[in-house]
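This report refers to the structure that appears directly beneath it.
No value in this document is a laboratory result; all are computed from the given coordinates. None of the values given here were measured: they were computed from a predicted structure. Note: ideal-geometry Cβ built from the backbone for every residue, glycine included; neighbour counts use all protein chains shown.
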Ligand code: SAH
């Protein structure tokens, strides 16, 4: 992205940054120093880059900008310590990210777009539609910002916040490559998960990238007829097409697939759904992650009771399916799945 002729230095990989630095008539090793400041030391301004001369820092500020968004507010869940961060980008748009602390490490759920155009009926992130895609620098900045705030390293990243990652394909793939760059932030590909509502060409393209990242499909219904009622994308791609693409993806990277299934009372929690679900996933190396649907004030969907969700899980288990009920983190701060939403300008209630 170019802004008032300034270049977005946070979205440059090391090769791109090197080219840029050489074009400014500077020495090659400067690129490495700057790349480290941004991607290893989580710098948010050129002023922090103290091993560069003042003259060079000023020159850089005249040619480029850092895309790192600014954390404007945080909310911490009283239930589980989950933290939701509201970030403001340079153009005044906002996105939300969520930090979840687990025994195995800190996991950050990032947004990939401002808003979303997928229109899933149960999800708050799609209300108001898509404003714009996020750049790689803005996605990286959500993680680096949380590390700055907590002083702790993030070990896992999930692209499960606002936005459909495969609707912002090029930026998301570049983001993942930079995040997992061994010369950069160096998060293992195996610790990165991308969740999609099922954009078939995107899944097939992703397969060709040879990334060892985990793929999750937002399934939510075991057949096309029901899926079409709650997910507009189902009118575009059938479950048969999506599953063929997933199997191809799996044949290459052999990572266990996750299916997210938001349980909605009276909609997708019947015994017939169990039977069809089992038929769909039988024989696949997969995990079904049940998410009792989280409340969103604009719709009337409600989750089944705890007992009913458990019963749904047990029925799947009986058929030999790996299934968990997602521990909902940060529900009291609207930080759980499907509760992140678009915020507007400064005057908005935040
Ligand atoms: N667009 C991507 C990334 C969003 S991930 C995708 O569709 O996968 C967020 C996950 O939360 C998705 O599985 C989404 O379907 C689910 N979700 C959305 N609204 C929800 C809600 N109200 N309750 C529970 N899960 C929800």
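Along the Cα→Cβ direction, 7 angstrom out, place labels at residue 302 and residue 23. What is the inter-label distance in nm?
5.8
On a 0 to 90 degree scale, rounded to 10, what angle separates helix 306-318 from the longest Cα axis of the chain?
Tilt relative to the chain: about 80 degrees.
Restricting the count to DSSP beta bridges whose residues both fall in the chain, what percent are antiparallel, rounded to a multiple of 5?
Expressed as a percentage, antiparallel bridges in the chain total about 45.
Within the stretch 193-225, find all residues whose amide N lies under 14 Å from a label point positioned 7 Å from the Cα of residue 248 along Cα-to-beta-carbon.
Correct set: 199-210.
With each label point set 7 Å from Cα along the Cα-Cβ vector, what nm distance links residue 32 and residue 48?
2.2
Please work out how much length the chain gains when fully extended from residue 265 to residue 183, using 0.36 nm per residue of separation minus the C-alpha to C-alpha distance, in nm with one decimal.
Contour length minus the Cα-Cα distance gives 24.8 nm.
Subtract the Cα-Cα distance of residue 241 and residue 322 from 0.36 nm times their separation in residues, and report this length gain in nm to one decimal.
Full extension of this stretch gives 26.9 nm more.
Can you give the Rg/Rh ratio of the chain, where Rg is from the C-alpha atoms and Rh is the Kirkwood radius?
Rounded to two decimals, Rg/Rh equals 0.99.
How large is log10 I(q)/I(0) at q = 0.11, 0.21 Å⁻¹ when the Debye formula is applied to the Cα atoms of the stretch 235-333, each weighted equally and without solvent?
-0.37, -1.16
What whole-number distance in Å separates the alpha-carbon centres of the stretch 194-211 and the stretch 100-170?
Centre-to-centre (Cα) distance: 17 Å.
Relative to the longest principal Cα axis of the chain, at what angle does helix 169-179 sit, 0 to 90 degrees, rounded to 10?
With rounding to tens, the tilt is 70 degrees.
Relative to the longest principal axis of the C-alpha atoms of the chain, give the angle of the C-alpha long axis of helix 136-150, reported between 0 and 90° and rounded to the nearest 10°.
Computed tilt is about 90 degrees.
Taking the number of other C-beta atoms within 10 Å as the exposure measure, put 82, 180 in order starting with the fewest.
180, 82
At 7 Å along Cα-to-Cβ for each site, give me the label-to-label distance between residue 121 and residue 229 in nm.
A separation of 0.6 nm, rounded to one decimal place.
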